[in-house]
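For reference, the structure is listed below as structure tokens.
FYI, it's all coordinate maths here, none of it is from the lab. Every value quoted in this text rests on a predicted model; they were computed, and no experiment measured them. As a convention, Cβ positions derive from the backbone with ideal geometry for all residues, glycine included, and neighbour counts pool all protein chains shown.
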Amino acid sequence: MKLIEAMKKVKELTKKAEDLRKKVSANCAISSIETQTYSDQRRQIAEWIQAHSDVLKEILRLRVAIQRTNLNTRVTIELGGKSVDKTIAEWIHRRRDLSGLELAMWSALTDKNIKEGTAAGPSGAVIQISINRFYDPAERDAKRDLYTSEPYIIDSRLEVVNAITDLIEE
């Protein structure tokens, strides 16, 4: 089974579990003046509960296999002209929030709305105002571009990897 198939199967099984819970909820009790929907409603409820338990066991098995695969499968992605090698799990974390945090840091490097030019100093003399930057604006711009595009690059690469990578099951 491929990684993408396992992820889709988990989604399908999650929906199946939800449907079973709805069936149990709708049929678990009736008033004394109602008619049972099933000839042996107690047995039917027990079967649904067991089926739900079985579905959850399969979801757990698949999730663990997906995690195992994500932790053991290395993927190389070209970022900023460099080949970067990480596990799928590491790339997922980069995609989820870490590249965004990198972008936020590089975006914090600003001129703080400081205006260059001339102004009257405390004594009334004209003084020249310039910006003293403690960072390289070209590097900042390059990093911002890199971290803005990184999530999309990761998504594109992992989409292919998920389709071709075999699930590691034990």
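What the phi angles of region 119-129 give under the Karplus curve with 6.51, -1.76 and 1.60, with θ = phi - 60°, is a coupling list of 7, 7, x, x, 8, x, 6, 6, 10, 8, 10 Hz, glycine and proline written as x. Loop sites here are trypsin sites (Lys or Arg not before Pro) outside DSSP states H, G, I, E and B with no more than 15 other Cβ atoms within 10 Å. The longest part of the chain free of them is 1-111.
For region 1-116, relative contact order (Cα pairs under 8 Å, six or more residues apart, normalised by length) works out to 22 percent. If you wrap the tightest convex hull around every Cα atom of the chain and split its volume per residue, you get 200 Å³. For Thr87, the residues 5 or more places off, or on other chains, whose built amide H falls under 5 Å of its own are Val75. Neighbours of Gln67 by Cβ distance under 13 Å: Lys/Arg scored +1, Asp/Glu scored -1, total 0.
Past the 23 angstrom mark, what percentage of all C-alpha to C-alpha distances in region 69-170 do you count? The share of Cα pairs beyond 23 Å in region 69-170 comes to 48 percent. Using θ = phi - 60° in the Karplus curve 6.51 cos²θ - 1.76 cosθ + 1.60, the 3J(HN,Hα) couplings for region 86-100 round to 8, 6, 4, 4, 5, 5, 4, 5, 4, 5, 4, 8, 5, 5, x Hz; x is entered for Gly and Pro. Kirkwood radius, region 3-72, all distinct C-alpha pairs, inverse of mean reciprocal distance: 13.8 Å. Taking every C-alpha pair closer than 8 Å and separated by at least 6 residues, the mean separation divided by the residue count of region 56-148 gives a relative contact order of 22 percent.
For region 64-69, putting each phi into the Karplus relation 6.51 cos²θ - 1.76 cosθ + 1.60 with θ = phi - 60° gives couplings of 5, 5, 5, 4, 4, 5 Hz, in residue order, rounded to whole numbers and with x for Gly and Pro.
Of the chymotrypsin sites (Phe, Trp or Tyr not before Pro) found in region 38-122, the ones in coil according to DSSP and having at most 14 other Cβ atoms within 10 Å of their Cβ are Tyr38. Note on region 3-72: with charges restricted to the Cβ of Lys and Arg (+1) and Asp and Glu (-1), its dipole about the Cα centre is near 340 debye. Distance between Cα centroids, region 9-39 to region 45-70: provide it in whole Å. The two parts, judged by their Cα centres, are 18 Å apart.
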